[in-house]
1. Determine the principal axes of the Cα atoms in the range A:50-182, then give the extent along each, sorted from largest to smallest and rounded to whole angstroms.
2. Would you list B:Val34, A:Val308, A:Val48 from fewest to most Cβ contacts within 10 Å?
3. Compute the Kirkwood hydrodynamic radius of the range A:223-298, taking the inverse of the mean of 1/r over all pairs of distinct Cα atoms, and give it in Å to one decimal.
4. Please report, in whole Å, how far the alpha carbons of the protein assembly as shown spread along each principal axis, starting with the longest.
5. Cut-off 10 angstrom, C-alpha nodes, Gaussian network model of chain A. Which of A:His197, A:His238, A:His71 fluctuates the most?
6. Taking neighbour counts of Cβ atoms within 10 Å as a proxy for exposure, in what order, fewest first, do A:Ser213, A:Ser127 appear?
7. Find out how many positive minus negative residues lie around A:Asp270, taking Lys and Arg as positive, Asp and Glu as negative, among other residues whose Cβ is under 9 Å from that of A:Asp270.
8. Just want the ordering: A:Tyr279, A:Tyr39, A:Tyr195, from fewest to most Cβ atoms lying within 10 Å of their own Cβ.
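Read the figures in this text as sums done on the coordinates, not as results from a lab. Given the structure is predicted, the values throughout are model-derived calculations rather than measurements. Cβ sites come from the backbone with ideal geometry, for glycine too, and all protein chains shown count toward neighbours.
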Amino acid sequence: MTEATPRLATFPLARERAFDPPDELARRRDEAPVQRMTYADGHEGWLVTGYAEARAILADNRFSTRPELLHSPIPQRGEFSKEPLTPGFFLRMDAPEHTRYRRLLTGQFTVRRMKQLEPRIHEITESRLDAMEREGAPADLVESFALPIPSLVICEMLGVPYEDREKFQRDSAVLVNLDSSMEDVRAAVQDLLSYLHGLVELKAKEPGDDMLSGLVAGGELTTEELGGVALLLLIAGHETTANMLGLGTFALLTNPGQLAVVRDDPAAVDNAVEELLRYLSIVHIGPTRTALEDVEVGDALIRAGESVTLSLGAANRDPERFEGGDTLDVTRPAHGHLSFGHGIHQCLGQQLARIEMRIAYPALLRRFPNLRLAVPARDVPLRAKMAIYGVHRLPVLW
Amino acid sequence: MKIKADTGRCVGAGMCALTLPQVFDQSEDDGTVVVLDAEPPAALGPAVNRAVQLCPSGALSVGR
Ligand code: SF4
């Protein structure tokens, strides 16, 4: 890093183009993949934009994810609050506490289990497409397709009544909105937790054939802990795949050649999903970690107590790892992208997300071969102020 | 080629089973890796290396 480089003050969020990470981050990556950044509270931490460096940090248990150690890279609340941890919310725990929770759940998310869900995901997808057809064009693809599919699936898996979705979708939206006040966030968490605690008590009395009932019956977790686990899975199941389906469809509609491959070549779909994950990198800020001891990353010496914020978007476009990475090419080998993270926190639901996308994209494009945007691309509202990037709405015709 | 798997480190992300289902599976209870074929044919070498690379927790290694 040259001394002339002005230090970045806080993490940039505004994207100049709908599908590309902020230009500033790409510029920084090309200068130095690890460099200093001033955090919202004045902390002198680090920004990591290189692929190899980001991957190394995510795999290194000398970097902690505990909230009480973290500094926030954005002035807004972000996901980086120092609020005391909700019991069971294991995304914010280090090993070995993290391991205990993760172990209780991983058996539920194996590749084989997810394959067994395939027929049900097909059914859900087809019924959403039928409904779209019945209601007729134009439609908002987010409301009628991208959000309902993953929501129905996670609700069924967890054993959360889908009829209650309005309530928790509202709370979930408050949580990922970077402009939400701390009071609103706290209220939304409390609201969700009291709902989930009620559900846990119900499952204890009337167990069903679902994950939450199974965890209750397993008897290893308290009601409080179960609430935190359910909160994490419910939010993760809602905000991520839904935004991949919405933003991914938008990206395909504006790249007709790529769209045609996904629609017409079943053998290309698995790889296309990886490439869309890489290219779109919907985790909008972070993750952030804090060094527990001095660690060298690339040319930088990160001192104990210093926070590092990664840009998965910039790392996934790193030309050292993905040649011509700024172009969407569904035939490129895109495996190894960091969109699900890396290391012990790598997304637990990733195999579920993959199957949902592998089914939903081609089913949509085949049912409506004439699918197109109902508004000019520049008028599609983007989620620039949300922790998970995507589109707020995607008006389409067919 | 000999595959070693450390189930203590495994976080059950399933990248191995996804990449190379002939060689890796996951346990039904806790999702940790099960090696189906610890000495796979040499032809699978590149795919095994890829699975090792993709494992997020460093639970897999290959020796000779
Ligand atoms: S890829 Fe690694 S962490 Fe994931 S299941 Fe296989 S061995 Fe375990």
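1. That gives 53, 38, 33 Å along the principal axes, largest extent first.
2. Listed from fewest to most nearby Cβ atoms, that is B:Val34, A:Val308, A:Val48.
3. Evaluated over the range A:223-298, this radius sits at 15.5 Å.
4. Cα spread of the protein assembly as shown along its principal axes, largest to smallest: 61, 57, 52 Å.
5. Among A:His197, A:His238, A:His71, the largest mean-square fluctuation in the Gaussian network model of chain A belongs to A:His197.
6. Ordered by Cβ neighbours within 10 Å, fewest first: A:Ser127, A:Ser213.
7. +1
8. Result, fewest neighbours first: A:Tyr195, A:Tyr39, A:Tyr279.
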